[in-house]
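A quick write-up on the structure given underneath.
Every number here is computed from the coordinates shown, using simple stated rules; none is lab data. As the structure is a computational prediction, the values presented were derived from the model and not from experiment. Cβ atoms come from the backbone with ideal geometry, glycine included; neighbour counts cover every protein chain shown.
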Amino acid sequence: MYMKKGYVYILTNKNKTVLYIGVTSDIRQRILRHKEKFYPGSFTARYNCDRLMYFAEFSSIMDAIVEEKRLKGGSRAKKIKLIDEFNPEWKDLSDRWYG
């Protein structure tokens, strides 16, 4: 049986004041939906979280969900440290995907 891969990701806004942690099986499509504010009433749309700071791939969506919960349970400082280690310049990692 084929298991879908999973991804955990962290988004922020232009001023890097808000962090959002999400999980998906299609990272490019999901980030594009955040950028387009596909769900206008969502947290990410309201707080303009559309810059991808971090992501990790997992062999299954279930593993990704476990990691998402772990990250959400951690402190803001731990999330910032994770981004600093993965993406020290805090550049939008999805810029290269969309042109």
**Prompt:** When only Cα pairs under 8 Å and 6 or more residues apart are kept, what is the percent relative contact order across the chain?
**Reply:** 34 percent
**Request:** Measure off 7 Å from each Cα along the Cα-to-Cβ vector at Lys14 and Ile80, then give the distance between these two points in nanometres to one decimal.
**Result:** 2.2 nm
**Message:** Need the full-extension length gain, Arg70 to Tyr47, defined as separation in residues times 0.36 nm minus the C-alpha distance. One decimal, nm.
**Reply:** 6.0 nm
**Request:** Work out the length of the dipole vector of the chain about its Cα centre, built from +1 on the beta-carbon of each Lys and Arg and -1 on the beta-carbon of each Asp and Glu, and round it to the nearest 20 debye.
**Result:** 300 debye
**Asked** With a sphere of radius 15 Å drawn around the Cβ of Ser42, what net charge do the other residues whose Cβ falls strictly inside it have (Lys, Arg +1; Asp, Glu -1)?
**Response** +3
**Asked** Only one of the listed values, [x] 14, 43, 25, 9, 6, 2, 0; [y] 16, 49, 32, 3, 0; [z] 17, 55, 26, 2, was derived from the coordinates as P(r) over Cα pairs in 10 Å bins from 0, in percent; which label is it?
**Response** [y]
**Message:** Taking the number of other C-beta atoms within 10 Å as the exposure measure, put Ser94, Ser60 in order starting with the fewest.
**Reply:** Ser60, Ser94
**Fill in**
PRE zone check, label point 7 Å out along Cα-to-Cβ of Asp95, amide N under 18 Å, scope the stretch 20-58, hits 31-32, 35-36, 49-55
